[in-house]
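Novice: After the structure tokens below, expect a handful of questions from me.
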Amino acid sequence: MLSGVRFRCLRCGYIGPSNNSLCPRCGFPLVMEPRSFLKIDRGKPSILRYASALNYGSRVVTLGEGFTRIRRVNGVLIKDESRNPTGSFMDRGSSVFISNVTSDEVRVSFEEDFTLSLATYANTAGIRTRVYVNPNVPGAYPELLRLSTMRGVIIEFREGGQDLDVHYGEPLFLEGIKTIAYELYEQVGEVGGVVLPMERGYLALAVYEGFRELLEWGFIGDLPSFILVKHRFGQVTDIGYWLVRNAGAKLVDVGDEETIRSMVELARSGLYVKPVSAMAYVAAASLGRDYVVVITGTGLKEYRVSRELGSLTRLQEAVLRVLEGSGPLTAYQVWERLRDVATVQGVYKALNSLVKRGLVSFDYEIYGSRKVRVFRALSNYR
């Protein structure tokens, strides 16, 4: 895919070329050396604001991923990655990876979040995705059903072997995911600590690398503390042990009851998270205000697509008229023009319905220091 790029092993210190995602000396996952010094393009509402340092290919494939919001819930500072296009931080990695694909097909095993994200970006670039599903391994079946309806996705029921083109944890994937650290620097400043769900450890490794680069460039004065959260019966990977020994990370175990209670608590605040994210929230709630927890995805995704328009409600018709008579508007700006006939919540619902019907599209723009969604009537496109 990329030529002339140097890779780095954080464990043994190797720096150089590689044809593998693992270090040729010690077998640890590799990360990529930045393309150049980071220059932030603050006018871009996605990870493209960091394109100066990222190893994109000859084209850029983006769906507006990244620059996700920071919000405080019950005193806990949350980095809400459910705001990405497919509801997962995986979209950051998919953007960089697919931007480097030069073939007309990628082959991948079915994994929760990862495969759906990859296929969505491949589809955008006109690249087929061949998904190998092992029928003997339980999986996220709603995501598999979604994949089965996507154009350009071929599903084969067998275990993927040596012919796979990509695995989660590839350096190009980590390249996109590390932008979470860049954003935390922009949005929070000097971060006291980061709380991350601990599964295989790739998320934590990428975020660590992002902060290490910021420190090397002089953007920050010290690395934040790292809290890695896992289920009390979960295993610790080599990455986790390395972060504990060499980065001073701390491991925190969380049980089922705390996890379920936190899922409910977050849902009441509008965050529909998976158990692994709820575990991280549990740990963050006990650490104080200087820690940021990364919520990695959403447990509720909307996949239904209306196949017939049917009739529009009066509010939907009014919203459509406003958009057809203007340029791009935020939901709040639409409401300002309709405040005598609708509530803000009603306008949001109407806009979401119009998007699903294919009458309205949305994009992201920068307003001040915030990334906001703006809507357009499709009839306005030229």
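The values are calculated or read from the model by the stated rules, or taken from the named source; none is laboratory data. Predicted model, so just to flag it, every value in this text is computed and none were measured. We place every Cβ from the backbone using ideal geometry, glycine too, and count neighbours over all the protein chains shown. Surface accessibility is based on the protein's heavy atoms, side chains included, excluding ligands, DNA and RNA. Shrake-Rupley method; radii C 1.70, N 1.55, O 1.52, S 1.80 Å.
Novice: Does Glu213 fit the bill of being surrounded by fewer than 19 Cβ atoms within 10 Å (Cβ to Cβ) and out of contact with any helix residue (DSSP H, G or I) (no Cβ under 6 Å at 6 or more places or on another chain)?
Specialist: no
Novice: Only residues in region 33-61 that are outside any loop (DSSP other than H, G, I, E, B) count as the first member; pair them with residues that are among the small types (Gly, Ala, Ser) and modelled with pLDDT of 95 or more, Cβ under 9 angstrom, at least 6 apart or cross-chain, and list the lot.
Specialist: As it stands, the answer is Ile47/Ser95; Ile47/Gly176; Leu48/Ser95, since those pairs meet every condition given.
Novice: Same structure, new question: What are the residue pairs meeting all of these: first residue in region 124-152, first residue farther than 23 Å from Asp104 by Cα, second residue buried (at least 16 other Cβ atoms within 10 Å of the Cβ) and of a type in the set (Gly, Ala, Ser), Cβ atoms under 9 Å, and 6 or more apart or on different chains?
Specialist: Here the result reads Asn134/Ser109; Asn134/Gly160, each pair linking region 124-152 to a residue that is buried (at least 16 other Cβ atoms within 10 Å of the Cβ) and of a type in the set (Gly, Ala, Ser).
Novice: Still on this structure, please answer the following. Being free of Cβ contacts under 8 Å to residues at least 12 places away in the same chain, assigned to a loop (DSSP other than H, G, I, E, B) and open to solvent by 60 Å² or more (accessible area, probe 1.4 Å) is the filter here; which residues of region 5-30 pass it?
Specialist: Passing the criteria: Asn19, Asn20, Pro24.
Novice: Counting only residues that are of a type in the set (D, E, K, R) and under 19 Å from Val101 (Cα atoms), which one in region 112-168 is most open to solvent (accessible area, probe 1.4 Å)?
Specialist: Of all residues in region 112-168, those of a type in the set (D, E, K, R) come to 112-113, 128, 130, 143, 146, 151, 156, 158-159, 163, 165.
Narrowing further to those that are under 19 Å from Val101 (Cα atoms): 128, 130, 151, 163, 165.
Details: Arg128: 93, Arg130: 52, Arg151: 170, Asp163: 49, Asp165: 56 Å².
Ranking the qualifying residues of region 112-168, first place goes to Arg151.
Novice: Are any residues in region 347-382 open to solvent by less than 20 Å² (accessible area, probe 1.4 Å), more than 28 Å from Leu48 (Cα to Cα) and among the small types (Gly, Ala, Ser), and if so, which ones?
Specialist: Within region 347-382, just Ala350 meets the criteria.
Novice: Then there's this: Counting just the residues of region 178-198 that are buried (at least 20 other Cβ atoms within 10 Å of the Cβ) and in a loop (DSSP other than H, G, I, E, B), which one comes out modelled with the highest pLDDT?
Specialist: In this case the residue turns out to be Lys178.
Novice: Right, here's the next one. Quick check on my filter: what residues within region 63-75 are over 20 Å from Ile40 (Cβ atoms) and either open to solvent by 10 Å² or more (accessible area, probe 1.4 Å) or part of a loop (DSSP other than H, G, I, E, B) (or both)?
Specialist: Looking only at region 63-75, we keep the residues that are over 20 Å from Ile40 (Cβ atoms), and these are 63, 71-75.
Scanning region 63-75 gives Leu63, Arg71, Arg72, Asn74, Gly75.
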